[in-house]
Amino acid sequence: MSAVNRGLRQATRSLRLHRCCPPSALRPLCALKKAAGHVSGAATPPRSSFSTMASLQSASAATPSPSAGKGYDQEILDIASYVHNQKIDSELAFDTARWVFLDTLGCGLEALRFKECTKLLGPIVPGTTVPSGTKVPGTEFQLDPVNGAFNIGAMIRWLDYNDCWLAAEWGHPSDNLGAILAVADWVSRTNKAGQHKVAGGKIFTVRDVLEAMIKAHEIQGCLALLNSYNKVGLDHVVLVKVASTAVVSKMLGLSEKQTADAITHAWVDGQSLRTYRHTPNTMSRKSWAAGDACQRAVNLALKVLKGETGIPSVLSAPTWGFYDVLFKGKKFEFQRGYGSYVMENVLFKVSYPAEFHSQTAVEASEKIYAQLKAMGKSAADIKAVTCRTHEACIRIIDKQFKPMDNFADRDHCIQYMCSVMLVYGRLTAGDYPDGSEAATSPLVESLRKKIKCVEDPQFTADYHDPALRTISNGLTVELNDGTVLPEVVVEAPLGHRLRREEAKPHILAKYKRHLEPHFSAEKVQGLVDLGLDAKKLEAMGVDEYVDLYVCKDSKFFKEQ
């Protein structure tokens, strides 16, 4: 191509971009912000009305032209403003966050019983201890905050047993605790040591951590309400990275502008594909993917702390932005402004270490197990099972005839999880590993192939309904003698907002059960009592609280 032709093409393209995106297109911003404030249930800070709500009125906000200067995507500014300016005054959110905090730490401790998890933990260079570093609960590791975030995040997510959020995208907002706790602990220890100050000398309390959790939950959850990342092949841990980056930036003392810079890096960073969650590539990376997201979040925030600038139109830039490259050209849609809605409505996994879309199916299976036992029958008498379910369940964990090659296959297969419950009357983390009783059972394997999932459109609609957010499953069992048992339907699992009070004793029992393999009975009771004393717990320094979880010479690391 001649130089003249190249010049003409470049000039034409520049003109086209300028015409499509005139500077005047940015002017409606104030009007859109004003309109956003009228959305029902949206809690808004004094300095921001979350203009991302404008997507409800307009499918496309203008993209700044190259000549319009470095204008930040409003989606980025809204998150940064929320983190820095929104006061959380919902006692329900703080109470729920306390239960999430305890439950999440317990899940991390339980994961240490599995070598597949512990082999990934510890310092990069064996034997390294970082003075004033992050301490990893259940271990004697003391690490830099980046690797500490990976360790804590990987532990939390390993068994798929921490909290859950289900919407257009699903995920586990307490995954963010990996980054939050690592940063809070490191900052507090560093400032107490007094050699140099970080984050303005801040000493974090447990209440500070709970507030950061509420905000991380909210960011991840609101970005997930109407936007499906899995449908474009991306893993939901992108939202962990974005939410964690936002809240730890504030914790590290970054300004609102710097927090926006850090968030842009989280969006431009390489995003994980979901392939490690699906046949034929299902494997253990899905268990440490959230730890990886936490690690990246802390690393990116620290880079901005050192002076790195942001990428203002990281989402909307034509051709090269997130929307064009990874989201099929669509902008994010928003149902509500940022407040404390997600923490208040988050789902606890109480009864079973199972992917959340299956929780009600496993609960129904437990009822059917008892019914069969009362009839003098067992799973061996089952001819077929129909599972009436919601679309997300079918898309993620319906694996009737797919081979179960490993732990990751089994804990994401609704047929396997229901079969284990129908055969044994239980479902524990010990039923997933290779060589376990359940994994090697011919009856479990044959029954798994007899369970067929069918979508009920009403169940799918209820799943997305903001007033319900149920995760319904109904099981109908046909026996070999022709008997058809009445369908057993469970709409809201134990741990759902609608069953929260019913769940609390079970959440506490789960937490206690996860503490017991690591600590003496006296220490376990002390931690349980402290967890129930909200005022005392929230006033406690984070570093002092984490010290209670240090475990010297853990039996779960001796063989490594």
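The values are calculated or read from the model by the stated rules, or taken from the named source; none is laboratory data. Only a predicted model underlies this, so the values are computations on that prediction, with no experimental measurement involved. Note that we place each Cβ from the backbone using ideal geometry, even for glycine, and neighbour counts take in every protein chain shown. Protein only, heavy atoms only, side chains kept; ligands, DNA and RNA dropped before computing areas. Shrake-Rupley method; radii C 1.70, N 1.55, O 1.52, S 1.80 Å.
Mind counting the residues in segment 414-433 that are in a loop (DSSP other than H, G, I, E, B) and either among the aromatic types (Phe, Trp, Tyr) or under 26 Å from the mean Cα position of the chain (by Cα) (or both)?
The total comes to 5.
Per the listing Ala438, Ala467, the residue uniquely touching a residue at least 12 places away in the same chain (Cβ under 8 Å) and of a type outside the set (Lys, Arg) is Ala438.
Looking at Leu92, Leu121, which is the one that is open to solvent by 10 Å² or more (accessible area, probe 1.4 Å) and not in a helix (DSSP H, G or I)? Even if it seems obvious, please write down each step before you answer.
Numbers: Leu92 fails: not in a helix (DSSP H, G or I).
Checking each option against the conditions leaves just Leu121.
Looking only at segment 361-390, residues that are acidic (Asp, Glu) and under 25 Å from Glu455 (Cα atoms) come to 2 in all.
For segment 251-265, a residue qualifies if it is touching a residue at least 60 places away in the same chain (Cβ under 8 Å) and under 20 Å from Val238 (Cβ atoms), and the qualifying residues are Thr259, Ala260, Ile263, Thr264. Restrict the check to segment 311-333 and report whether at least one residue is aromatic (Phe, Trp, Tyr) and over 30 Å from Val242 (Cα atoms). Looking through segment 311-333, none of the residues is aromatic (Phe, Trp, Tyr) and over 30 Å from Val242 (Cα atoms). Scanning segment 470-507 for residues that are open to solvent by less than 30 Å² (accessible area, probe 1.4 Å), assigned to a loop (DSSP other than H, G, I, E, B) and at pLDDT 95 or above yields Ser472, Leu485.
Could you say which residue among Ala534, Ala509 is of a type in the set (A, V, I, L, M, F, W, C) and free of Cβ contacts under 8 Å to residues at least 12 places away in the same chain? Lay out the reasoning, then the answer.
Working: Ala534 fails: free of Cβ contacts under 8 Å to residues at least 12 places away in the same chain.
The unique qualifying residue is Ala509.
If we scan segment 264-274, do we find a residue that is outside any helix (DSSP H, G or I), open to solvent by less than 10 Å² (accessible area, probe 1.4 Å) and not aromatic (Phe, Trp, Tyr)?
The first filter runs over segment 264-274 and keeps only residues outside any helix (DSSP H, G or I), leaving 269-273.
Checking which are open to solvent by less than 10 Å² (accessible area, probe 1.4 Å) leaves us with none.
The answer is no; no qualifying residue exists.
Tell me the helices (runs of 4 or more DSSP H) entirely within segment 296-405 that contain at least 3 residues that are at pLDDT 95 or above and buried (at least 24 other Cβ atoms within 10 Å of the Cβ).
Working: elements: 322-326, 341-345, 359-374, 391-397.
Here the list reads 359-374.
In segment 534-554, what count of residues is obtained for those that are under 17 Å from Gly106 (Cα atoms), open to solvent by 40 Å² or more (accessible area, probe 1.4 Å) and more than 26 Å from the chain's Cα centre (by Cα)? Total meeting the criteria: 0. Taken residue by residue, segment 165-187 has at least one member that is open to solvent by 10 Å² or more (accessible area, probe 1.4 Å), over 14 Å from Ala293 (Cβ atoms) and assigned to a helix (DSSP H, G or I).
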